[in-house]
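The values are calculated or read from the model by the stated rules, or taken from the named source; none is laboratory data. This structure is a prediction, so every number in the text was calculated from the model and none was measured. Glycine gets a Cβ as well: all are built from the backbone with ideal geometry, and neighbour counts include every protein chain shown. Note: areas computed on protein heavy atoms with side chains; ligands, DNA, RNA excluded. Shrake-Rupley method; radii C 1.70, N 1.55, O 1.52, S 1.80 Å.
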Amino acid sequence: MEEDEIRQALLKKALGYDVSEELKEFSFNEEGEEIISKKKVTTKHFAPDISAIKLLLDRYYKTYSDIVLSMSDEELAKEEERLIKLLKEEDSDGNT
């Protein structure tokens, strides 16, 4: 995996993401051909991951790594919200 792919994967996990799943049920028509009888599409949400945020900070933003390691859980949660907001703004601006 290239460095940019790793960063993009970490960013995706840090921000959270949605995955669509498609479930199809098949049956046979009168001619014996297989046809789709039911189709269900669901979306599963994967929440932002604080471990990915820590790793992203440690790997790409070294100046914050010592601060992050010394933070309490409450401080980490606040920092997670702040970083997610920043990352979403960066992503919406087309900067990665």
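Quick notes on this one:
- Residues of the chain: accessible area per residue with a 1.4 Å probe, Å²: 79 Å²
- Cα-based shape type of segment 21-64, given that a ≥ b ≥ c are square roots of the gyration tensor eigenvalues and the cut on a/c is 1.5: prolate
- Length released on extending from Asp4 to Leu76, taking residue separation times 0.36 nm less the Cα-Cα span: 23.4 nm
- Per-residue ellipticity at 222 nm, computed for the chain from helices alone with -39500 (n - 2.57) per DSSP H run of at least four residues, works out to -17000 deg cm²/dmol.
- The 1.4 Å probe gives accessible areas that order Asp73, Asp58, Asp49, largest first, as Asp73, Asp58, Asp49.
- Of the chymotrypsin sites (Phe, Trp or Tyr not before Pro) found in segment 1-84, those that fall in a DSSP loop while having at most 15 other beta-carbon atoms within 10 Å are Tyr61.
- The magnitude of the dipole of the chain, with charges of +1 and -1 set on the Cβ of Lys/Arg and Asp/Glu and taken from the Cα centre, is near 260 debye.
- Calculated Rg and Dmax of the chain using C-alpha coordinates, Å: 20.4, 68
- Measuring against 25 Å, Cα to Cα, the residue pairs Lys12/Lys39; Lys54/Lys85; Lys12/Lys44; Lys24/Lys44; Lys54/Lys88; Lys24/Lys85 contain Lys12/Lys39; Lys24/Lys85 as the ones spanning a longer distance.
- Of the GluC sites (Glu not before Pro) in segment 1-88, the ones in a loop by DSSP (not H, G, I, E or B) with at most 15 other beta carbons within 10 Å are Glu2, Glu30, Glu31, Glu33.
- Portion, in percent, of the accessible area of the chain that falls on carbon or sulfur, probe 1.4 Å: 49 percent
- Computed with every protein chain present, the accessible area of Lys85 is close to 130 Å² [probe 1.4 Å].
- Partners for Lys38 among aspartates and glutamates (Cα-Cα distance below 20 Å; same-chain residues under 8 apart left out): Glu21, Glu22, Glu25, Glu30
- In nm, spacing of pseudo-spin labels at Phe28 and Ala47 (7 Å Cα→C-beta vector): 4.7 nm
- Candidates Ser20, Ser37, Ser70: whichever shows maximal mean-square fluctuation once the chain is modelled as a Gaussian network with Cα springs under 10 Å: Ser37
- For the chain, a Gaussian network of Cα nodes joined below 10 Å ranks Ile53, Ile67, Ile35 by mean-square fluctuation, and the top entry is Ile35.
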